[in-house]
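Worksheet: the structure to be examined is printed underneath.
The values are calculated or read from the model by the stated rules, or taken from the named source; none is laboratory data. Just so we're clear, the structure is a prediction, and the values are computed from it rather than from any experiment. Heads up, the Cβs are rebuilt from the backbone with ideal geometry, glycines too, and the neighbour counts pull from every protein chain shown.
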Amino acid sequence: MTKVEAIKRVLEEFNGVATWEQIYNNIEKYYPSAKVSISWKEGIRGVLYREIKKGKNFKRIGLGIYALRDYEEEPKPSIKEKIRMHSYMEGVCLEIGKFKGFHVYTPDKTALFKDRISLSMISTLNDIPLFTYPEIIENVKKIDVIWFNKEGFLFPQRVFEIVDTLATLTSALNRCLQLLNFQTKFLIIGPKNFRDKFLDKINREPYLKFKARFDYKDYDLVNQLYENSIRQNKIEGEFFKNSIGEYYE
């Protein structure tokens, strides 16, 4: 069996779509010598990238998500599908965080991102790091997505709260306030028409004195960043493929 055939078998095992981690963790079932080389991950990525460039066997449907060539992708959720949009946006934030070189965490592990990929499949941390007092951790661990630095002690760098209904805005802001003593940026993500309510809220106590720590991004802008990150990663992979072996994993 060739590496191409082995990758196909892994994707078939996961109903036609898989993350890099799933491919790496299961490739030996079908290609026992897959991990013999020190640079075995680069070898697998190279095989998959070459097939995609030739328009054969595989395609990319996310920053770190791949599918069989004939796989029919799930459409993006509409703004009216609040539950689906919530977990989809969490997945986007997780993928972008990984792309930017952060450890990423979410409490919503069983929720679906897209195409049968659960959030647990793309998060890098199963549990929130114990970076402060238990009382603070108990509240902070409910934040939708957190990016942690990879080097040294793990501290929260950016947090993301997805606000799909205005009723959840106050609790989202309050969870962010638990991290005031850390150098953490707070991002609230939601529909465009929630922005004015957000601005009104943070210009009142108890948020007023900390409003510079907060920002609001709408769904469309976050989607643009995600799609641009995919394009950027493709271009970088093509540009650097002959000089470096590291790609996004």
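Provide a single number: the residues in the range 202-220 that are free of Cβ contacts under 8 Å to residues at least 12 places away in the same chain and either surrounded by 13 or more Cβ atoms within 10 Å (Cβ to Cβ) or not assigned by TED's automatic domain parsing to the domain that holds Gln178 (or both). Walk me through how you get there before you give the answer.
We begin by selecting, within the range 202-220, every residue free of Cβ contacts under 8 Å to residues at least 12 places away in the same chain; these are 203-205, 208-209, 211-212.
Those still in the list that are either surrounded by 13 or more Cβ atoms within 10 Å (Cβ to Cβ) or not assigned by TED's automatic domain parsing to the domain that holds Gln178 (or both) too: 211.
Of the residues in that region, 1 qualify.
Can you find even one residue in the range 106-118 that is aromatic (Phe, Trp, Tyr), under 14 Å from the mean Cα position of the chain (by Cα), surrounded by fewer than 21 Cβ atoms within 10 Å (Cβ to Cβ) and closer than 29 Å to Leu154 by Cβ?
To start, the set of residues in the range 106-118 that are aromatic (Phe, Trp, Tyr) comprises 113.
Narrowing the set further to residues that are under 14 Å from the mean Cα position of the chain (by Cα) leaves 113.
Checking which are surrounded by fewer than 21 Cβ atoms within 10 Å (Cβ to Cβ) leaves us with none.
Taking every residue of the range 106-118 in turn, none turns out to be aromatic (Phe, Trp, Tyr), under 14 Å from the mean Cα position of the chain (by Cα), surrounded by fewer than 21 Cβ atoms within 10 Å (Cβ to Cβ) and closer than 29 Å to Leu154 by Cβ.
Quick check: anything in the range 163-182 among the hydrophobic types (A, V, I, L, M, F, W, C), in a loop (DSSP other than H, G, I, E, B) and more than 22 Å from the chain's Cα centre (by Cα)? Even if it seems obvious, please write down each step before you answer.
To start, the set of residues in the range 163-182 that are among the hydrophobic types (A, V, I, L, M, F, W, C) comprises 163, 166-167, 169, 172-173, 176-177, 179-180, 182.
With the extra rule that they be in a loop (DSSP other than H, G, I, E, B), the set shrinks to 163, 179-180, 182.
Cutting the leftovers down to more than 22 Å from the chain's Cα centre (by Cα) gives us 180, 182.
Yes, some residue in the range 163-182 is among the hydrophobic types (A, V, I, L, M, F, W, C), in a loop (DSSP other than H, G, I, E, B) and more than 22 Å from the chain's Cα centre (by Cα).
List the pairs whose first member sits in the range 51-64 and is within 19 Å of Tyr226 (Cβ to Cβ), whose second member is of a type in the set (Lys, Arg) and exposed (fewer than 15 other Cβ atoms within 10 Å of the Cβ), and whose Cβ atoms are under 6 Å apart, counting only residues at least 6 apart or on separate chains?
What qualifies is Lys59/Arg69.
Any chance the range 145-156 includes a residue that's surrounded by 21 or more Cβ atoms within 10 Å (Cβ to Cβ), over 21 Å from the mean Cα position of the chain (by Cα) and either of a type outside the set (D, E, K, R) or assigned by TED's automatic domain parsing to the domain that holds Ile65 (or both)?
no
Out of (1) touching a helix residue (DSSP H, G or I) at 6+ places or on another chain (Cβ under 7 Å); (2) of a type in the set (D, E, K, R); (3) not in a loop (DSSP other than H, G, I, E, B), the odd one out for Asp196 is which?
Exception for Asp196: condition (1).
Hey, among Lys41, Lys80, Lys59, which residue is of a type in the set (Lys, Arg) and part of a loop (DSSP other than H, G, I, E, B)? Give the steps one after another, and end with the answer.
Details: Lys41 fails: part of a loop (DSSP other than H, G, I, E, B); Lys59 fails: part of a loop (DSSP other than H, G, I, E, B).
None of the others qualify; the one that does is Lys80.
Could we say that Leu177 is farther than 25 Å from Thr19 by Cα and either touching a Lys or Arg at 6+ places or on another chain (Cβ under 6 Å) or surrounded by fewer than 18 Cβ atoms within 10 Å (Cβ to Cβ) (or both) here? So that I can check it myself, show each step before the final result.
Numbers: farther than 25 Å from Thr19 by Cα: yes; either touching a Lys or Arg at 6+ places or on another chain (Cβ under 6 Å) or surrounded by fewer than 18 Cβ atoms within 10 Å (Cβ to Cβ) (or both): yes.
Considered against the rule, which asks whether it is farther than 25 Å from Thr19 by Cα and either touching a Lys or Arg at 6+ places or on another chain (Cβ under 6 Å) or surrounded by fewer than 18 Cβ atoms within 10 Å (Cβ to Cβ) (or both), Leu177 comes out as yes.
Just give me the residues in the range 5-39 being crowded, with 16+ Cβ neighbours inside 10 Å, under 24 Å from the mean Cα position of the chain (by Cα) and either among the hydrophobic types (A, V, I, L, M, F, W, C) or farther than 19 Å from Thr124 by Cβ (or both), in sequence order.
Initially, the range 5-39 is screened for residues crowded, with 16+ Cβ neighbours inside 10 Å, giving 6-8, 10-11, 14, 16-20, 22-24, 26-27, 30-31, 34.
Applying the additional criterion that residues be under 24 Å from the mean Cα position of the chain (by Cα) yields 7-8, 10-11, 14, 16-20, 22-24, 26-27.
Result: Ile7, Lys8, Val10, Leu11, Phe14, Gly16, Val17, Ala18, Trp20, Ile23, Ile27.
When both residues are 6+ apart or on different chains and their Cβ atoms are under 6 Å apart, which pairs have a first residue that lies in the range 111-124 and is assigned by TED's automatic domain parsing to the domain that holds Cys93, and a second that is of a type in the set (Gly, Ala, Ser) and assigned to a loop (DSSP other than H, G, I, E, B)?
That search, which allows pairs on different chains as well, returns Leu119/Ala111.
Using the structure shown, decide if Asp164 is among the acidic types (Asp, Glu), surrounded by 13 or more Cβ atoms within 10 Å (Cβ to Cβ) and more than 24 Å from Lys100 (Cα to Cα).
Criteria met by Asp164.
When you look at Leu199, is it farther than 30 Å from Tyr49 by Cα, surrounded by 18 or more Cβ atoms within 10 Å (Cβ to Cβ) and either modelled with pLDDT of 95 or more or small (Gly, Ala, Ser) (or both), yes or no?
Details: farther than 30 Å from Tyr49 by Cα: yes; surrounded by 18 or more Cβ atoms within 10 Å (Cβ to Cβ): no; either modelled with pLDDT of 95 or more or small (Gly, Ala, Ser) (or both): yes.
No: the conditions fail for Leu199.
Looking at the range 210-228 only, could you name the residues that are farther than 25 Å from Phe131 by Cα and part of a helix (DSSP H, G or I)?
Narrowing the range 210-228 to residues farther than 25 Å from Phe131 by Cα: 216-228.
Once the filter is applied, which keeps residues that are farther than 25 Å from Phe131 by Cα and part of a helix (DSSP H, G or I), the range 210-228 yields Tyr219, Asp220, Leu221, Val222, Asn223, Gln224, Leu225, Tyr226, Glu227, Asn228.
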